[in-house]
Amino acid sequence: MAESSHQARKHNHPGAGRRRSVPFTKGRQVDSAARDAVKALLGDRPRRRDLLIEYLHLIQDRYHHLSAAHLAALAEEMRLSLAEVYEVASFYAHFDIVKEDETPPPAITVRVCDSLTCELSGGQKLLADLAAQLGAKARVIRAPCMGACDKAPACAVGHREVAHADPARVAAAIADSHVDTAAMPGKDYAAYIAAGGYGLLRACLDGERTPEAMIAALDGANLRGLGGAGFPTGRKWGIVRKEPAPRLMAVNADEGEPGTFKDRHYLETDPHRFLEGMLIAAWVVEATDVYIYLRDEYPQSRQILHLRRGAGAYICGEESAMIESIEGKRGLPRHRPPYVAQIGLFGRPTLVQNVETLYWVRDIVEKGPEWFAGHGRRGRKGLRSFSVSGRVKEPGVKLAPAGVTARELIDEFCGGMADGHRFKGYLPGGASGGILPASMADLPLDFGTLEEHGCFVGSHAVVVLSDRDNMREVALNLMRFFEDESCGQCTPCRVGTEKAVALLSRPRWDAALIGELSQTMTDASICGLGQAAANPVKSVLKHFREDVS
């Protein structure tokens, strides 16, 4: 089971013994009141470097911001340089740093999602209305995708999500801003056990199942990583298992791709099925510890699980950036090779899987790999959870066979197009997966089926667009997201996304210059963010020239 930051073992923990000794915090005298406050918050928790982000959250949650005095006190308490603490705190969007000469923000922050689906549903107007109506009562800011695209427009009051937000709902949430888990529909432990839950795990631990048999079942089912990359799951488990011990495991629950919310659905409705799959995976690869990395926008899930908490950084969905963040650092992607299966968390071989992949483990083994592989259309195999949002009557997580088409998703699973909207195009794989026109809505949606068209299915986030949507504005919205979320490590992505936003904001697009910039970003960026950021722009230039001419 994942270990909470409060219960981490001090001496046998993977992160133990790696702390640099810095005898004094240089350059700033630590305020005694801030020192006492930080010590009180940390209590008897271990002062390990990898827990830095957890402790920044403690201060942020208590004071609603990070003061210069508290950062200096935390640096002293953890025996880190102030520069190390500041660079991490300033990297993540959910940490609000207040300098000595600045006034702290109001205690309540309202984040309004401005990602594509929420913008289509009036997010920009909501942002302006709330800023005008709330005044000094709350700080109102725009925020990237919150994983609530089926409830657009979405916003968050502190850590409380407001679905289908309007000023009245936001005002009600401000009056009662606690996170209500009682209303969550999730299956609890007793119900899960009554339905045979954890029986497969017990069989593994009792020697009734072998690791080799588990890997063979996943191979037979053709289960692939459903976080976006699609790497064969059984093969990954086998690769990590062959690496020298000790080994670790990390769960990527940081689904920050705009349009994606399927992992959230499973965490909130049937969390023990995912946890059983996680523990079985850890047993197969003999992982000594498991870390669950959850995006900070999912407070309900955080109350269910003990885990590592993200802090508002899309880049941490990339597995090596996630590992850097778990270690208490900025979420900067690593150069590869070596791969995380070889040298991952705390320098150890690490199995990384996403939530939905682990969710299917129990069903595949208990029902047989043929059951899972037996689903599919057009020669594809397996089941897929599509996050569908946008201009459809019934958005949500749709469990459908691999190889289903966008047209079938709309007509069979979503009740058709929303009233008054005519199907124009769709994003088959979230913000980075490109955009296809309605005339290409009969292509099978699965790994490897869309690449020849400059797109990919990724995390299976389908955003449906209509004749009321201008593709020029769609592409600009997506590029602004990538500009905000670039980690800044490499020039092609850091500068390229900024220049792309400037070029896309011009009255007329310079297609040749945009194409040259897009190719540079694709060829030279370190990780998938920069490599895929231009996909929507390329798609618009290819399929929707009438919107940019």
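The values are calculated or read from the model by the stated rules, or taken from the named source; none is laboratory data. Owing to the predicted nature of the structure, the values given are computational and were not obtained by experimental measurement. Reconstructed Cβ throughout: ideal geometry from the backbone, glycine too, with neighbour counts over all protein chains shown. For the accessible areas, the whole protein counts, side chains as well, though only heavy atoms, and no ligand, DNA or RNA atoms are used. Shrake-Rupley method; radii C 1.70, N 1.55, O 1.52, S 1.80 Å.
Summary table
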read-out: Over the chain, equivalent-ellipsoid semi-axes from the Cα gyration tensor in Å; value: 34, 32, 23
read-out: In nm, spacing of pseudo-spin labels at GLU212 and ARG508 (7 Å Cα→C-beta vector); value: 6.9
read-out: Zero-based 5 Å bins, Cα pair distances in the stretch 435-527, whole percents; value: 2, 11, 18, 21, 21, 18, 7, 1
read-out: Beta bridges per DSSP with both ends in the chain, % antiparallel, nearest 5; value: 45
read-out: The stretch 129-219 - Rg over Rh from alpha carbon coordinates, Kirkwood radius; value: 1.27
read-out: Partnerless Cys - the chain, beta-carbon criterion under 4.7 Å; value: CYS145, CYS149, CYS155, CYS204, CYS316, CYS414, CYS455, CYS487, CYS490, CYS493, CYS527
read-out: P(r) weight above 18 Å for the stretch 359-411, C-alpha pairs, percent; value: 38
read-out: Of all accessible heavy-atom area on the stretch 439-480, the percent that carbon and sulfur account for (1.4 Å); value: 46
read-out: Span per principal axis, largest first, for the Cα atoms of the stretch 475-531 (Å); value: 30, 20, 14
read-out: Summed side-chain charge close to ILE343 - residues other than ILE343 whose Cβ falls under 12 Å, Lys, Arg +1, Asp, Glu -1; value: +3
read-out: Mean projected area (nm²) of the alpha-carbon convex hull when the stretch 379-448 is viewed from all directions; value: 4.5
read-out: Kirkwood hydrodynamic radius (C-alpha pairs) into Stokes-Einstein, the stretch 338-435, 20 °C and 1.002 mPa s, D in µm²/s; value: 134
read-out: With 10 Å bins from 0: P(r) over the stretch 56-103, alpha-carbon pairs, percent; value: 28, 63, 10
read-out: Computed over the stretch 92-213: relative contact order in percent, which uses C-alpha pairs under 8 Å that are six or more apart; value: 21
read-out: Kirkwood-type radius of the stretch 196-318, with distances r between different C-alpha atoms, in Å; value: 15.5
read-out: Extension gain (nm, one decimal) between PHE231 and ARG494, 0.36 nm per residue minus Cα-Cα; value: 91.9 nm
read-out: Viscosity 1.306 mPa s, temperature 10 °C, Stokes-Einstein D of the stretch 75-159 from Kirkwood C-alpha radius, µm²/s; value: 109
read-out: D_trans [Stokes-Einstein, Kirkwood Rh over alpha-carbon pairs] for the stretch 223-263, 20 °C, 1.002 mPa s, µm² s⁻¹; value: 179
read-out: Accessible surface of THR210 - all protein chains present, 1.4 Å probe, nearest 10 Å²; value: 60
read-out: Compactness index (Cα Rg / 2.2 N^0.38 Å), the stretch 243-301; value: 1.24
read-out: Dipole-positive endmost among ALA156, ALA168, LEU134 within the stretch 130-173 (Cβ charges, Cα centre); value: LEU134
read-out: Exceeding the 19 Å Cα-Cα cut-off - candidates LYS125/LYS398; LYS151/LYS393; LYS187/LYS381; LYS39/LYS329; value: LYS125/LYS398; LYS187/LYS381; LYS39/LYS329
read-out: Potential lengthening between ARG422 and ALA136 on full extension [0.36 nm per residue; Cα-Cα distance subtracted]; value: 98.8 nm
read-out: Point-to-point label distance, ALA83-ILE108, nm (Cα→Cβ direction, 7 Å offset); value: 4.1
read-out: Full-stretch length increase - ASP467, ASP411 - with 0.36 nm per residue and alpha-carbon distance subtracted; value: 18.4 nm
read-out: Charge tally in the Cβ shell below 10 Å around GLN353, where Lys, Arg are +1 and Asp, Glu are -1, GLN353 excluded; value: -1
read-out: Surface per residue (accessible, 1.4 Å probe) for the chain, Å²; value: 40
read-out: 20 Å cut-off, amide nitrogen to a point 7 angstrom out along ARG202 Cα→Cβ, residues in the stretch 267-284; value: 271-284
read-out: Per residue convex hull volume, Cα atoms of the stretch 86-243, in Å³; value: 207
read-out: Pairwise label distance in nanometres, ALA194 with ASP129, each label 7 Å out on the Cα-Cβ vector; value: 4.2
read-out: Cα-only Debye scattering, the stretch 189-232: base-10 log of I(q)/I(0) at q = 0.18, 0.21, 0.25, 0.28 Å⁻¹; value: -0.73, -0.84, -0.87, -0.89
read-out: Per-residue [θ]222 nm for the chain (sum of -39500 (n - 2.57) over DSSP H runs n ≥ 4, rounded to 500); value: -11000 deg cm²/dmol
read-out: Net charge of neighbours whose Cβ lies under 13 Å from the Cβ of GLY429, counting Lys and Arg as +1 and Asp and Glu as -1; value: -2
read-out: With eigenvalues of the C-alpha gyration tensor scaled by 5 and rooted, the stretch 332-394, Å; value: 31, 20, 12
read-out: The stretch 295-372 - Rg and Dmax from Cα coordinates, angstrom; value: 15.1, 43
read-out: Of all accessible heavy-atom area on the stretch 115-206, the percent that carbon and sulfur account for (1.4 Å); value: 56
read-out: Exposed GluC sites (Glu not before Pro) absent: longest stretch of the chain, with sites in DSSP loops and at most 11 other Cβ within 10 Å deemed exposed; value: 209-549
